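Comments concern the structure below.
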Amino acid sequence: MKTSELLFIILLVGGLLIPVAIVGQWWLFSVFMVFFMCFGLIEWLAVKKSGKTVSQHFWVYSKNHKVGAWMVLGGMLVAWLSLLYHLAGKYLL
C-alpha cells in the first residue's frame with residue numbers, strides 16, 4: 001500500500017471516528033463504524049472480483065464520462081454539506 005493511500009485511510013477514519021469518540025457521541029460513532037464496515041466489505045468484494053478498488057473503478061469511469069463523474073462528485077458534495085448543515089444548524093448556526 002502506498003504512503004498516500006495509507007494517509008488517506010488514516011485521515012478518513014480518524015477524521016470521522018476520533019472526534020466523535022473523544023466527545024462521547026457513541027450513536028454517531030456507531031453510524032460511522034457501520035459505514036466503514038459496509039464500505040470495507042464492498043471494497044474487499046470489488047478487489048476480489050475485479051482487482052480494482054471502488055476508487056479505481058470511479059477513476060476509470062471518470063476518464064471517459066466527465067459529466068457523469070462531476071454529477072457523482074457534486075451529489076456527494078451536496079449530501080455531505082447537507083449532513084453538516086443538519087448537524088450544525090439547530091444549535092451552532
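State whether one or more residues within the stretch 31-39 are over 18 Å from LEU83 (Cβ atoms) and not assigned by TED's automatic domain parsing to the domain that holds ALA88. For the stretch 31-39, residues over 18 Å from LEU83 (Cβ atoms) and not assigned by TED's automatic domain parsing to the domain that holds ALA88: present.
Against the test of being at pLDDT 95 or above and either loosely packed, with under 11 Cβ neighbours inside 10 Å or over 17 Å from the mean Cα position of the chain (by Cα) (or both), the options ALA79, ALA46 yield a single qualifying residue, ALA79.
Criterion first (surrounded by 13 or more Cβ atoms within 10 Å (Cβ to Cβ) and either touching a Ser or Thr at 6+ places or on another chain (Cβ under 9 Å) or modelled with pLDDT under 95 (or both)) does GLN25 satisfy it?
Working: surrounded by 13 or more Cβ atoms within 10 Å (Cβ to Cβ): yes; either touching a Ser or Thr at 6+ places or on another chain (Cβ under 9 Å) or modelled with pLDDT under 95 (or both): no.
So GLN25 fails the test.
The values are calculated or read from the model by the stated rules, or taken from the named source; none is laboratory data. A quick note: this is a predicted structure, and the numbers were derived from the prediction, not measured. Please note: Cβ atoms are built from the backbone with ideal geometry, for glycine as well, and neighbour counts cover all protein chains shown.
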